């Protein structure tokens, strides 16, 4: 029998996931961000197990996080034949990611307030 360690979220990490979701991140993106923030690197399978996500959700999160420039990957040759395995890790710090989210939310609030001011002009 082969033994493997699986990471699970603590209450603090769950709270962080919930805050990210409340701020508008998709649940699968929030789960993956928090998982990678607490694991130096992981395979998609490890991410699936540690976040209780399905493979398509992990793939969507990877695609989104790559687009944002928040994750990076490296290939590990498989033992024997077959395709190499990919390992994913954060490309930037969690603090940098939080700063980006903060700026996006501030800009969103400014745009909405400008719309309210514009609306007032019609009254």
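Sticking with the crude label model, points 7 Å out along Cα→Cβ, report the distance from residue 76 to residue 43 in nm, one decimal please.
Here the answer is 0.7 nm between the modelled labels.
Taking Cα atoms, how many degrees apart are the long axis of helix 55-68 and the longest axis of the chain, rounded to 10 and kept between 0 and 90?
It is inclined by approximately 60 degrees.
Working from the alpha-carbon coordinates of region 38-109, get Rg over Rh, Rh being the Kirkwood radius. The partial results should precede the final answer.
Details: Rg = 14.6 Å, Rh = 13.7 Å.
My calculation of the ratio gives 1.06.
What residues from region 22-43 fall in the zone where the backbone N is under 17 Å from a label point 7 Å along the Cα-to-C-beta line of residue 94?
Counting only backbone N, you get 22-23, 25, 28-42.
How much length is gained if the chain between residue 119 and residue 22 is pulled fully straight, taking 0.36 nm per residue apart and subtracting their Cα-Cα distance, in nm to one decimal? Mind dumping the intermediate values first?
Numbers: separation 97, 0.36 × 97 = 34.92 nm, distance 2.68 nm.
Difference between extended and current length: 32.2 nm.
Can you compute the helix-only [θ] at 222 nm over the chain? Use -39500 (n - 2.57) per DSSP H run of at least 4 residues, normalise by all residues, nearest 500 deg cm²/dmol.
Numbers: 5 runs with 74 residues, N = 123.
Calculated from helices alone, the mean residue ellipticity at 222 nm is -19500 deg cm²/dmol.
Mind checking the log10 I(q)/I(0) for the chain at q = 0.10, 0.11, 0.13 Å⁻¹? Debye, one equal scatterer per Cα, no solvent, two decimals.
-0.40, -0.47, -0.60
Under 8 Å for C-alpha pairs, at least 6 residues apart: give me the relative contact order for region 1-92, rounded to a whole percent. Please report the intermediate quantities before stating the final value.
Numbers: 103 pairs, mean separation 24.4, N = 92.
It rounds to 27 percent for region 1-92.
How far is it, in nm, from the label point at residue 112 to the one at residue 87 when both lie 7 Å from their Cα along the line to the Cβ?
Those two pseudo-labels are separated by 4.2 nm.
Bear in mind these aren't lab numbers, they're just calculated from the coordinates by the rules spelled out. All values reported here derive from a predicted model rather than from experimental measurement. Here the Cβ is made from the backbone with ideal geometry for all residues, glycine too, and neighbour counts use every protein chain on show.
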